[in-house]
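Asks: I'd like to ask you about the structure that follows.
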Amino acid sequence: MLGDMNFLYRLLVPVFTLAIMSSCSSDVQIRPLMARTLELSAADFGPQALSAPLLGQTGAVSRVVVHYGLPEAHLRARYPEAGVAFVPVVRGVKHLNRVVKELPHDAAHTELRARLVATRARLIDFYNDRRIAFNSVPPFTGRSFMARNAMMPAMGTTR
(Lines give C-alpha, C1' and ligand atoms only; values in the text may rest on other atoms or scores of the structure.)
Protein backbone atom coordinates (compact mmCIF):
# COMPACT_ATOMS: atom_id res chain seq x y z
CA MET A 1 0.00 0.00 0.00
CA LEU A 2 2.82 2.41 0.86
CA GLY A 3 4.51 1.64 -2.47
CA ASP A 4 1.32 2.55 -4.33
CA MET A 5 1.12 5.91 -2.53
CA ASN A 6 4.75 6.77 -3.35
CA PHE A 7 4.10 5.95 -6.98
CA LEU A 8 0.98 8.12 -6.95
CA TYR A 9 2.87 11.05 -5.35
CA ARG A 10 5.73 10.74 -7.84
CA LEU A 11 3.18 10.80 -10.64
CA LEU A 12 1.03 13.67 -9.36
CA VAL A 13 3.72 16.11 -8.19
CA PRO A 14 5.06 16.82 -11.71
CA VAL A 15 1.52 17.03 -13.09
CA PHE A 16 0.42 19.57 -10.45
CA THR A 17 3.66 21.52 -10.80
CA LEU A 18 3.21 21.75 -14.54
CA ALA A 19 -0.45 22.75 -14.15
CA ILE A 20 0.39 25.51 -11.66
CA MET A 21 3.29 26.84 -13.74
CA SER A 22 1.28 26.93 -16.95
CA SER A 23 -1.68 28.69 -15.32
CA CYS A 24 0.51 31.38 -13.75
CA SER A 25 2.64 32.05 -16.78
CA SER A 26 0.00 33.03 -19.31
CA ASP A 27 0.59 36.77 -18.78
CA VAL A 28 4.33 36.56 -18.16
CA GLN A 29 6.55 37.47 -21.07
CA ILE A 30 10.25 36.90 -20.66
CA ARG A 31 12.29 39.62 -22.35
CA PRO A 32 16.01 39.01 -22.47
CA LEU A 33 18.03 41.99 -21.29
CA MET A 34 20.68 41.66 -23.99
CA ALA A 35 18.09 42.09 -26.74
CA ARG A 36 16.78 45.37 -25.32
CA THR A 37 17.61 48.56 -27.17
CA LEU A 38 17.10 52.25 -26.54
CA GLU A 39 16.11 54.45 -29.47
CA LEU A 40 17.13 58.10 -29.46
CA SER A 41 17.30 60.82 -32.07
CA ALA A 42 20.68 61.90 -33.42
CA ALA A 43 19.98 65.41 -32.07
CA ASP A 44 20.15 64.00 -28.52
CA PHE A 45 23.91 63.57 -29.02
CA GLY A 46 24.40 67.21 -29.99
CA PRO A 47 25.28 68.85 -33.29
CA GLN A 48 27.13 66.88 -35.94
CA ALA A 49 30.46 68.47 -35.01
CA LEU A 50 30.22 66.94 -31.51
CA SER A 51 28.55 63.65 -32.42
CA ALA A 52 30.74 62.82 -35.44
CA PRO A 53 33.28 60.71 -33.48
CA LEU A 54 30.41 58.54 -32.24
CA LEU A 55 27.92 58.53 -35.11
CA GLY A 56 30.20 59.16 -38.06
CA GLN A 57 30.51 62.03 -40.51
CA THR A 58 27.39 61.25 -42.50
CA GLY A 59 24.53 63.68 -42.06
CA ALA A 60 22.00 61.00 -42.97
CA VAL A 61 21.81 59.60 -39.42
CA SER A 62 18.48 60.56 -37.90
CA ARG A 63 18.05 57.84 -35.30
CA VAL A 64 20.44 56.18 -32.86
CA VAL A 65 19.89 52.70 -31.45
CA VAL A 66 21.77 52.14 -28.20
CA HIS A 67 22.41 48.50 -27.29
CA TYR A 68 24.38 46.34 -24.84
CA GLY A 69 26.70 44.83 -27.45
CA LEU A 70 24.54 42.99 -29.94
CA PRO A 71 26.08 41.90 -33.25
CA GLU A 72 25.60 44.41 -36.06
CA ALA A 73 24.04 41.75 -38.30
CA HIS A 74 21.29 41.22 -35.70
CA LEU A 75 20.74 44.97 -35.38
CA ARG A 76 20.63 45.48 -39.17
CA ALA A 77 18.00 42.74 -39.46
CA ARG A 78 15.95 44.34 -36.70
CA TYR A 79 16.33 47.92 -38.03
CA PRO A 80 16.66 47.58 -41.82
CA GLU A 81 15.84 51.21 -42.65
CA ALA A 82 18.52 53.73 -43.58
CA GLY A 83 19.62 56.54 -41.30
CA VAL A 84 20.11 54.41 -38.18
CA ALA A 85 23.37 54.39 -36.21
CA PHE A 86 24.13 51.60 -33.72
CA VAL A 87 26.00 52.60 -30.56
CA PRO A 88 27.04 50.34 -27.66
CA VAL A 89 25.88 51.88 -24.38
CA VAL A 90 29.32 52.05 -22.75
CA ARG A 91 30.84 53.77 -25.79
CA GLY A 92 27.95 56.26 -25.85
CA VAL A 93 28.34 57.14 -22.16
CA LYS A 94 32.10 57.58 -22.50
CA HIS A 95 31.64 59.81 -25.53
CA LEU A 96 29.06 61.97 -23.74
CA ASN A 97 31.27 62.20 -20.64
CA ARG A 98 34.12 63.50 -22.78
CA VAL A 99 31.94 65.96 -24.73
CA VAL A 100 30.27 67.38 -21.61
CA LYS A 101 33.64 67.76 -19.91
CA GLU A 102 35.15 69.60 -22.91
CA LEU A 103 32.12 71.85 -23.51
CA PRO A 104 32.71 75.48 -22.40
CA HIS A 105 30.84 76.61 -19.28
CA ASP A 106 29.14 79.69 -20.72
CA ALA A 107 25.57 80.83 -21.33
CA ALA A 108 25.71 79.99 -25.03
CA HIS A 109 26.20 76.28 -24.30
CA THR A 110 23.77 75.93 -21.37
CA GLU A 111 20.93 74.36 -23.39
CA LEU A 112 23.27 72.01 -25.26
CA ARG A 113 24.94 70.94 -22.01
CA ALA A 114 21.55 70.20 -20.42
CA ARG A 115 20.49 68.12 -23.44
CA LEU A 116 23.74 66.11 -23.43
CA VAL A 117 23.55 65.53 -19.67
CA ALA A 118 19.93 64.33 -20.03
CA THR A 119 20.96 61.94 -22.82
CA ARG A 120 23.84 60.65 -20.71
CA ALA A 121 21.47 60.09 -17.77
CA ARG A 122 19.14 58.06 -20.02
CA LEU A 123 22.07 55.93 -21.22
CA ILE A 124 23.30 55.34 -17.66
CA ASP A 125 19.78 54.32 -16.57
CA PHE A 126 19.63 51.94 -19.54
CA TYR A 127 23.02 50.48 -18.59
CA ASN A 128 22.07 50.16 -14.91
CA ASP A 129 18.90 48.19 -15.74
CA ARG A 130 21.06 45.30 -16.92
CA ARG A 131 23.77 45.83 -14.29
CA ILE A 132 21.30 45.73 -11.39
CA ALA A 133 19.46 42.71 -12.83
CA PHE A 134 22.73 40.86 -13.37
CA ASN A 135 24.14 41.66 -9.93
CA SER A 136 20.93 40.88 -8.03
CA VAL A 137 20.75 37.15 -8.73
CA PRO A 138 22.79 34.42 -7.07
CA PRO A 139 25.74 33.97 -6.86
CA PHE A 140 26.22 37.72 -7.21
CA THR A 141 24.11 38.77 -4.24
CA GLY A 142 25.83 39.88 -1.08
CA ARG A 143 25.16 36.71 0.91
CA SER A 144 27.16 34.34 -1.20
CA PHE A 145 30.27 34.21 -3.33
CA MET A 146 30.79 37.32 -5.45
CA ALA A 147 33.07 37.07 -8.45
CA ARG A 148 34.37 40.60 -8.91
CA ASN A 149 35.59 39.93 -12.45
CA ALA A 150 32.10 38.79 -13.50
CA MET A 151 30.32 41.90 -12.22
CA MET A 152 29.48 44.80 -14.46
CA PRO A 153 31.22 47.93 -13.18
CA ALA A 154 29.28 50.95 -12.02
CA MET A 155 29.46 53.88 -14.43
CA GLY A 156 30.29 57.27 -13.03
CA THR A 157 29.40 60.65 -14.42
CA THR A 158 31.05 64.02 -14.69
CA ARG A 159 28.03 66.13 -13.75
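The values are calculated or read from the model by the stated rules, or taken from the named source; none is laboratory data. These figures come from a predicted structure and were not determined experimentally. FYI the Cβ positions are ideal-geometry reconstructions off the backbone, even for glycines, and counts take in every protein chain you see.
Asks: Tell me yes or no: at least one residue of the stretch 74-90 is farther than 21 Å from PRO32 by Cα and touching a helix residue (DSSP H, G or I) at 6+ places or on another chain (Cβ under 6 Å).
Replies: Among the residues of the stretch 74-90, at least one is farther than 21 Å from PRO32 by Cα and touching a helix residue (DSSP H, G or I) at 6+ places or on another chain (Cβ under 6 Å), which makes the answer yes.
Asks: Sticking with this structure for a sec: Select from the stretch 42-54 the residues that are under 16 Å from LYS94 (Cα atoms) and out of contact with any helix residue (DSSP H, G or I) (no Cβ under 6 Å at 6 or more places or on another chain) and write down the one among them that is surrounded by the most Cβ atoms within 10 Å (Cβ to Cβ).
Replies: Top of the filtered list is ALA52.
Asks: Could I ask something else about it? Taking the conditions exactly as written (modelled with pLDDT under 95, farther than 20 Å from GLY56 by Cα and in contact with a strand residue (DSSP E or B) (Cβ under 9 Å, 6 or more places away or on another chain)), does PHE126 satisfy them or not?
Replies: Considered against the rule, which asks whether it is modelled with pLDDT under 95, farther than 20 Å from GLY56 by Cα and in contact with a strand residue (DSSP E or B) (Cβ under 9 Å, 6 or more places away or on another chain), PHE126 comes out as yes.
Asks: Can you name every residue in the stretch 55-74 that is surrounded by 16 or more Cβ atoms within 10 Å (Cβ to Cβ) and either part of a loop (DSSP other than H, G, I, E, B) or of a type in the set (A, V, I, L, M, F, W, C) (or both)?
Replies: Scanning the stretch 55-74 gives LEU55, VAL61, VAL64, VAL65, VAL66, TYR68, LEU70.
Asks: Continuing with the same structure: Is it the case that SER41 is at pLDDT 70 or above and touching a Gly at 6+ places or on another chain (Cβ under 7 Å)?
Replies: Here the answer is no, as SER41 does not meet what is asked.
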